[in-house]
Amino acid sequence: MATASLANGLVCPAPHAASDRVQLGHGSGGKMSAALLRDRFLPLFDNPVLRQLGDGAVVPVPTGEIAVSTDTFVVSPIEFPGGNIGSLAVHGTVNDLAMMGARPRYLSAGFVLEEGLPFDVLDRVVAAMAEAVRSAGIILVTGDTKVVERGRAEGLYVNTTGVGIMDARFRPRPDGVRPGDVLLVSGPIARHGMAIMSAREGIAFEAQIESDSASLVPLVERLREHVGSDVRALRDPTRGGVASALNELAAASGVGVVIEERAVRIPGPVAAACEMLGLDPLYVANEGVLVAFVAPAAAPRALAALRSHPLGAEAEIAGRAVPDHAGLVALRTLAGSTRVVDMLPGDQLPRIC
Amino acid sequence: MKYLSEYRDAGIIRGLVERIRREATRRWVLMEVCGGQTHTIVKQGLDEMLGEAVEMIHGPGCPVCVTPLEQIDKALLLAQDPSVIFTSFGDMLRVPGSECDLQQVRARGGQVRVVYSPLDALELAIRNPDRHIVFFAVGFETTAPANAMAVWRARELGVPNFSVLVSHVTVPPAMTAILEAPDNRVQGFLAAGHVCTVMGWKEYEPIAERYRVPIVVTGFEPVDILEGIHLAVQQLESGRHEVENQYVRSVRRDGTVPARSLVEQVFHLVDRKWRGIGEIPRSGLGLRPEFADFDAEFRFGLRELAVDEPAECRAGDVLRGKIKPFECPAFGTLCTPERPLGAPMVSSEGACAAYFNYGRMRRAVNRGALSPVASESR
Amino acid sequence: MCLGIPGRVVARRDDRGLPMGVVDFGGVRRECCLAYVADEVAEGDFVIVHVGFAISKVDEAEARRTYEVLRELSQLDELDWMREVAEQGLGAIGPGSAPAGGGA
């Protein structure tokens, strides 16, 4: 417990030097901030760049182009089956870089902590981030922490910005899809969104559903190596699910897309949870899945490349781009009929009707 | 999932479609009452598969679509009260009121939460004694037992900070209203399987008799719906007009008696306005006076609001099957899923939303490779 | 009305006098109120659940019986359809191209 001491400077009221929660003082830039950084962040991310603790980071880059991507993570609850906001924040940005064909290298992290956030929660989030950084083969080079009053941040928000190195020979692009290109989906869908739902107050249910949050870099590397420039477009279907990602690609490329219901893999408990809440799995978020359009001749190679890694073990050829109904995504149902899979105006909500 | 997945069997679906197409000697017009049934029909493309054999008119069986504008406005008022946590099923969040919707109220700082069950809302009240929890008790007879239990338990456990905003409707009066309309084209009904799970099917027998229409109590999976349609077509082909039960795994003639019993203790029949249709006498459920303490309209002194619906919105005609959504002048122009004028464009199985998504495909394919209309993009 | 799904009762308990139970929906479990089916339902039975309430017990015998009828009919139809297709020399056409038997 705290004993007010002159070592903290003459401050009134004397701060609790030891407490189990984040306080406003931790974001002030003073001694408490420094202690937070020193004790709870730096040891887990330690690397030569970060050790310099400059206002920013100076890092080497090769000639050519770099890719930059940023994302802010506000998921609630911040801890969920299969991960937490920390691992999500790293994987999310790393994956965005990978979808552009870049090799992720550096990451920054900006935290907004809510006053009262228990330290053990923060420690778990930071530990998960550190592990995600390590496994993605990148380093955290700079960061920032702010603390806001109770009630203003639902525990914790984090922004990550990533830098990756572009490869001139591997440039998947949203507008790169051509009629005839084959669609692949790297794994079972809807796991992340339903894992979040299962932990949400007022909805909560028990299920063996874990978020699939993971770095997609290994899968992209295999595609780069075995398929190369025959990969026309890549996307990680996060918010809005596979349906939204395909709609975006269809619109950007000016093609129609047909997806086969029977090729879409949905784990049993995920499907059951969707039934219970009246949700369509095609619109539920994923964090460890990618969709790829590849040139037709390259499709078998691409499938084999994805399947050669555990993350892609259940990859499937799921459809194709077509010259018809440009910008629209159509689903061929199990029964053989066809329907449009549109973008939703907003979030999908549980329904009773 | 057992008792669910097998009712999606592609072979049985195709078989039933074949039978219906073979056995229909003319184009029959059927109405499925329930929004969940509409959802399946549109999602599985069943009406596409049935082709010329059957025309399905989507009925008003969507409590979201028929919740009157006044009740939405009362919900919005309550949600804006800083002492209230307003809880609701997800369906209601985007339904437009006169000025805005619940999601927009939430964006402006109102405490609005989605719950899965009315008991979750009660639990929230127990755990947050310093706030008042209002639950939006919407639905057909299927949901009335759940809402009744929440109120019953609140009284039993003595929970002072809980009340419900009621907007319940019942199916039989709506069916009658549709059949009474001079331009009615509906020749047979698929009755709502879960409404009838609770209520049984006795109250449909006089309707079938009086209006000489087959009424088949039908489930919600593609096989259920097709089987229901098949039974209806068989009746029409042989000149019969009876109540039949397709959904045998869930529905009995008397329904679920304990559920009906509690509903009768907590609610009574009232006149209810149906959005876009108007008032249908004794078509709604309201809380009995002895439960006034749990009636949000009573607790918060909400006056009778009189609200006019937007002139361009033809939701009423769509819900009654008088026009198809694309025959409404506002369809796809003034009224889209992003900016809905009325509830059938909001709800995922509202007829207008269903046509908007599904119909675009048909029209785009018919025109060839054409880019989508600008107003349809995000 | 609408969203009701079948699940198996795996546990029953009493919550301050209200019969509750844990229902398993294909691997997802949730607590549901069993008050309306309390007298009919035991562990292992299936119920239809709507907004966290069991509204009926699934009549498994009836379900089996009617499903068998449907399945047989559809197999007859499938054979008919395939014969028609062969007679018209249309080959593999139509939605999803006919598999040999009932799908799923």
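A compact table of results
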item: Dipole of the protein assembly as shown [Lys/Arg +1, Asp/Glu -1 at C-beta], most positive-end residue of A:VAL322, C:VAL51, B:VAL138; result: A:VAL322
item: Amide N of region B:223-251 lying under 20 Å from the label point, which is placed 7 angstrom from the Cα of B:ARG22 along Cα→Cβ; result: B:223-239
item: Shielding by partners, peptide B:138-150 (average Cβ within 10 angstrom, other chains); result: 5
item: Mean projected area (nm²) of the alpha-carbon convex hull when region B:1-81 is viewed from all directions; result: 7.8
item: Reachable lysines, given that their alpha-carbon falls under 24 Å from the alpha-carbon of A:LYS146 and they are not under 8 places away in the same chain; result: A:LYS31
item: Between region B:15-74 and region A:215-235, the Cα center-to-center distance that results, in Å; result: 44
item: Isotropic mean projected area of the C-alpha convex hull, region B:127-170 (nm²); result: 3.0
item: Lone cysteines, chain B (no partner Cβ under 4.7 Å); result: B:CYS34, B:CYS100, B:CYS196, B:CYS313, B:CYS328, B:CYS335, B:CYS352
item: Antiparallel bridge percentage (DSSP; both residues within region A:221-353; nearest 5); result: 75
item: Inter-label distance, nm, simple model (7 Å from Cα along the C-beta direction), C:ALA86/B:ILE323; result: 5.2
item: Tilt relative to chain A, helix A:85-99 - C-alpha long axis, 0 to 90 degrees, to 10; result: 40
item: Cβ-defined net charge surrounding B:HIS268, 14 Å radius [Lys, Arg +1; Asp, Glu -1]; result: -1
item: Computed Kirkwood radius, in angstrom, where 1/r is averaged over Cα pairs of region A:37-130; result: 14.9
item: Net dipole in debye of the protein assembly as shown [+1 Lys, Arg Cβ; -1 Asp, Glu Cβ; about Cα centre; nearest 20]; result: 1340
item: Region B:4-157 shape via C-alpha gyration tensor axes, a/c threshold 1.5; result: prolate
item: Distance histogram for region B:168-287 (every C-alpha pair counted, 10 angstrom bins, percent rounded to whole numbers); result: 14, 40, 36, 10, 0
item: Percentage relative contact order, region B:180-242, counting C-alpha pairs under 8 Å, at least six apart; result: 38
item: Sorted peptide list for A:334-341, A:283-290, criterion being average Cβ within 10 angstrom, highest first; result: A:283-290, A:334-341
item: Exercise: per-residue mean of other protein chain Cβ atoms within 10 Å, B:193-205; result: 2
item: Kirkwood hydrodynamic radius over Cα pairs of the protein assembly as shown, then Stokes diffusion coefficient at 25 °C and 0.890 mPa s, in µm²/s; result: 86
item: Cα shape, region A:210-271, gyration tensor, a/c 1.5 rule; result: oblate
item: Test item: Cα-centred dipole of region B:187-298, Lys/Arg +1 and Asp/Glu -1 on Cβ, debye; result: 180
item: Chain B, helix-only ellipticity at 222 nm - DSSP H runs n ≥ 4, -39,500 (n - 2.57), divided by all residues, nearest 500; result: -11500 deg cm²/dmol
item: Hydrodynamic radius (Kirkwood) for region A:163-241, which is based on Cα pairs only, to one decimal in Å; result: 15.1
item: Helix A:217-226 axis, angle to chain A major axis (alpha carbon atoms, nearest 10°); result: 40
item: Helix-only CD estimate at 222 nm, as mean residue ellipticity for chain A, using -39500 (n - 2.57) per DSSP H run (n ≥ 4); result: -8000 deg cm²/dmol
item: Share antiparallel - DSSP beta bridges, the protein assembly as shown, percent rounded to 5; result: 60
item: Relative contact order, percent, region B:22-82 [alpha-carbon distance under 8 Å, six or more residues apart]; result: 38
item: Neighbourhood net charge (12 Å Cβ-Cβ; Lys/Arg +1, Asp/Glu -1) for B:GLU156; result: +2
item: For region A:21-125, with +1 on Lys and Arg beta carbons and -1 on Asp and Glu, the positive-most of A:GLY110, A:ALA67, A:GLN52 along the dipole; result: A:GLN52
item: log₁₀ of I(q)/I(0) at q = 0.12, 0.17 Å⁻¹ - region A:256-353, Debye sum with one point per alpha carbon; result: -0.47, -0.95
item: Spatial separation of Cα centroids for region A:330-353 and region A:244-287, in angstrom; result: 8
item: Neighbouring partner chain Cβ atoms per residue of B:89-96, average, 10 Å criterion; result: 5
item: Stokes-Einstein D for chain A, Kirkwood Rh over Cα pairs, 20 °C, 1.002 mPa s (µm²/s); result: 99
item: Relative contact order computed over region B:96-178 (Cα-Cα under 8 Å; 6+ residues apart), in percent; result: 30
item: Counted charge near A:PHE205, where neighbours are those whose Cβ lies closer than 13 Å (Asp, Glu -1; Lys, Arg +1); result: -3
item: Shape of region A:239-299, Cα gyration tensor, a/c cut at 1.5; result: prolate
item: In degrees, nearest ten, helix A:241-253 long axis to first principal axis of chain A (Cα); result: 70
item: Kirkwood-based shape ratio for chain B, expressed as Rg/Rh from alpha carbons; result: 0.97
item: Of all DSSP beta bridges in region A:30-146, antiparallel share, percent nearest 5; result: 20
item: Rg/Rh (Cα only; Kirkwood hydrodynamic radius) as it applies to region A:74-224; result: 1.01
item: Mean Cβ count within 10 Å, highest first, over the residues of peptides B:115-125, C:58-68; result: B:115-125, C:58-68
item: Projected area, mean over directions - region A:163-209, Cα convex hull, nm²; result: 6.7
item: Cα lying deepest toward the dipole's positive end in region B:210-257, options B:GLN246, B:GLY219, B:VAL257, charges on Cβ; result: B:VAL257
item: Packing-based order for A:301-312, B:32-43, using average beta carbon neighbours within 10 Å, highest first; result: B:32-43, A:301-312
item: Across B:LYS2/B:LYS324; B:LYS273/B:LYS322; B:LYS43/B:LYS322; B:LYS43/C:LYS57, pairs whose alpha-carbon gap is larger than 30 Å; result: B:LYS2/B:LYS324
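Any read-out appearing in this document is the output of simple, stated calculations on the displayed coordinates, not a laboratory observation. Remember, it's a predicted structure, so these values are computed and weren't measured experimentally. Every residue, glycine as well, gets a Cβ built from its backbone with ideal geometry; the counts of neighbours run over all protein chains shown.
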